[in-house]
Amino acid sequence: METQIITHRWSTKIQNYNSEFQAELLALQKAIDYATTIPQQPITTLVDNQASVLAVDNPKSTNPVARTICRNVIEFQHIQVSWIKVHVGYDGNEQADRLAKEAAESNTKQYQTEVPNCHLKSILKQKMVQEY
């Protein structure tokens, strides 16, 4: 593997109802947004969540964040997204895990993201059971 150079760090605390998949896509979106500001320098963003990589590789993904990332990667052809194995010693991956843990444990304001459909369904199901 080529030398890893970390050019940007970002983290945030997400809502309790957000999934790990949503968190991974949000972080990837922020990385790609940053990468689009760097003119024509080849950039590969390494991701340890295979579902995220597959979602952003699919222009017809049902996830709007994944579709946005896909469009950006198509438009900015110097940017690539690649999957890596988790916890095998990639410095950037270890730093990303640390940032995620710190954000989750912090008292900072939570980032506002879309409520996942599965959470909404769960709430509706609970309401229906309570009212029945």
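The values are calculated or read from the model by the stated rules, or taken from the named source; none is laboratory data. Since we're looking at a predicted model, the values are computed, not measured. Don't worry about glycine lacking a Cβ; one is built from the backbone with ideal geometry, like all the others, and counts go over all protein chains shown.
List of remarks:
- The set of residues from segment 33-72 being touching a Leu at 6+ places or on another chain (Cβ under 8 Å) and not β-branched (Val, Ile, Thr) comprises 52, 55, 63, 66.
- Wholly within segment 1-91, helices (runs of 4 or more DSSP H) carrying at least 3 residues that are surrounded by 13 or more Cβ atoms within 10 Å (Cβ to Cβ) and modelled with pLDDT under 90: 20-35
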